[in-house]
Amino acid sequence: MSQYWSKIVHELTPYVPGEQPKLQNLVKLNTNENPYGPSPKVIAALQAEAADSLRLYPDPDSSRLKAALAEYHGLQANQVFVGNGSDEVLAHVFQALLKHDLPLLFPDISYSFYPVYCGLYGIHFETVALNAQFEVAIGDYLRPNGGIIFPNPNAPTGIPLPLSEIERLLAHNTQSVVVVDEAYVDFGTESAVALIHRYPNLLVTHTYSKSRSLAGLRVGYALGNAALIEALIRVKDSFNSYPIDRFAEAGAIAALQDEAYFQQTRQQVITSRTSLVSALEALGFEVLPSGANFIFTRHPAYVGEQLAAGLRERAVIVRHFKKPARISDFLRITIGNESQNQALMQAIRALVQA
Ligand code: PMP
């Protein structure tokens, strides 16, 4: 029946998300979720919302959440855009800000949703190779372009880019929008939010899915100059959709009000990451420097796909990318809680001799 499809649907290569397994007792370290769960204050806010307000429509402007996020980040409410996860925010960003005659630039090894959005919205793009150390090399982006987007820290490598490099890019690149996707920024990477007041072409996206442990609630947001935010609102309003529902808004506000829990859990992830890196290195693994809640690692003596399969047989799931060839021996492993990390290391020791 595909003769009924639009041409663009034939041409699309949809995004393939990490597996959400149906089996219960797997050690799930494949999609960078947070092992600790959201703050108890979020759960209380969701219960209160359920009891009081579900018969009412949500606020079409998410004004309470925008005000709370603006205050949290030291910005104005008109510098904040909210959506159902940062994937949806990014969809609006690609449509509203990144479709131009010159090509959009992003790293060749990066978040695999970017080329999907380009296909969906007919955006001309060019990828820029990571350097020999798998880093985003800012010098290679200093040329005419229709926009630049990259995650910081990058995914799936986890490597953070210092703020000075982002500033170098912004100082040179004034004619197009620079989007820094900070999905994992809270795990030890410097945020570019502090640069927003100086660079009107900088847009930063954040998510509640990782450091706030609310992947199931679907909340993401963008921060930037009010003119960039206005473009996003125009695209959103053209769908006539609510940005987020009542649970999402109530939960997202409550999460911001529990700074102590946020600091404690993100620090715990960072501490566990350090231990995991040492344990893997002791077994001969190479681990790329990580500013994220995951690590990207390979062992010189083992094939990545076989290691991933071996872990799965031992009920541990991690992410393996077959392509491009340059990363096909790497595993992307989410930092879990203590028992998950122990189970991971036990399974790895069974597969790899030191
Ligand atoms: N950006 C990057 C780099 C990601 O890895 C992810 C998570 N898959 C997202 C954005 C989207 O996250 P979410 O839609 O859950 O906010």
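The values are calculated or read from the model by the stated rules, or taken from the named source; none is laboratory data. As the structure is a computational prediction, the values presented were derived from the model and not from experiment. Neighbour counts run over all protein chains shown; Cβ positions are idealised from the backbone, glycine included. With ligands, DNA and RNA removed, areas are computed over all heavy atoms of the protein, side chains included. Shrake-Rupley method; radii C 1.70, N 1.55, O 1.52, S 1.80 Å.
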Item to complete: About the Cα centre of the chain, how large is the charge dipole given +1 on each Lys and Arg Cβ and -1 on each Asp and Glu Cβ? Please answer in debye to the nearest 20.
Response: 600 debye
Practice prompt. At a 1.4 Å probe radius, which order do H172, H92 fall into by accessible area, largest first?
Written response: H172, H92
Fill in: Value of [θ]222 nm, deg cm²/dmol, for the chain, DSSP H segments ≥ 4, -39500 (n - 2.57) each, nearest 500
-11500 deg cm²/dmol
Item to complete: Could you work out the Kirkwood radius for the range 235-354, taking every pair of different alpha carbons, averaging 1/r and inverting it, reported in Å?
Response: 16.6 Å
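Could you compute the FRET efficiency for R326 and L56, with r as their C-beta to C-beta distance and R0 at 30 Å, rounded to 0.05?
0.05
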Discussion item. Contact order normalised by length for the range 154-230, with contacts defined as Cα pairs under 8 Å and 6 or more residues apart; what percent is it?
Written reply: 26 percent
Worksheet entry | Accessible solvent surface per residue of the chain, calculated while the other protein chains remain in place, 1.4 angstrom probe, Å² | 46 Å²
Discussion item. Take Q263 and S241, extend 7 Å from each Cα along the Cα→Cβ direction, and tell me the distance between the two endpoints in nm.
Written reply: 3.6 nm
Fill in: Neighbourhood net charge (14 Å Cβ-Cβ; Lys/Arg +1, Asp/Glu -1) for L217
-1
Discussion item. Once you order the gyration tensor axes a ≥ b ≥ c over the Cα atoms, which shape class does the range 187-304 get: rounded for a/c under 1.5, otherwise prolate or oblate by comparing a/b with b/c?
Written reply: prolate
Practice prompt. May I ask for the equivalent-ellipsoid semi-axes of the range 103-197, computed as the square root of five times each C-alpha gyration tensor eigenvalue and listed largest first in whole Å?
Written response: 19, 16, 13
Practice prompt. Just reorder V185, V9, V16 by solvent-accessible area, largest first, 1.4 Å probe, all chains present.
Written response: V16, V9, V185
Practice prompt. Taking 7 Å along the Cα-to-C-beta vector as the label spot, tell me the A226-K7 distance in nanometres, rounded to one decimal.
Written response: 4.1 nm
Worksheet entry | Largest-first ellipsoid semi-axes for the range 141-188, taking √(5λ) over the Cα gyration tensor eigenvalues, angstrom | 21, 11, 8
Discussion item. Using Cα-Cα distances under 8 Å and only pairs 6 or more residues apart, what relative contact order does the chain have, in percent?
Written reply: 23 percent
Worksheet, complete the sentence: Taking every other residue with Cβ under 12 Å from the Cβ of L105 and scoring Lys and Arg +1, Asp and Glu -1, one gets -2
Worksheet item: So what is the relative contact order for the range 16-123, in percent, with contacts set as C-alpha pairs under 8 Å and at least six apart?
Response: 14 percent
Practice prompt. Could you work out the mean projected area of the convex hull around the alpha carbons of the range 313-354, in square nanometres to one decimal?
Written response: 3.6 nm²
Worksheet entry | Where the Cα pairs of the chain fall when distances are cut into 20 Å bins, in % | 29, 58, 13
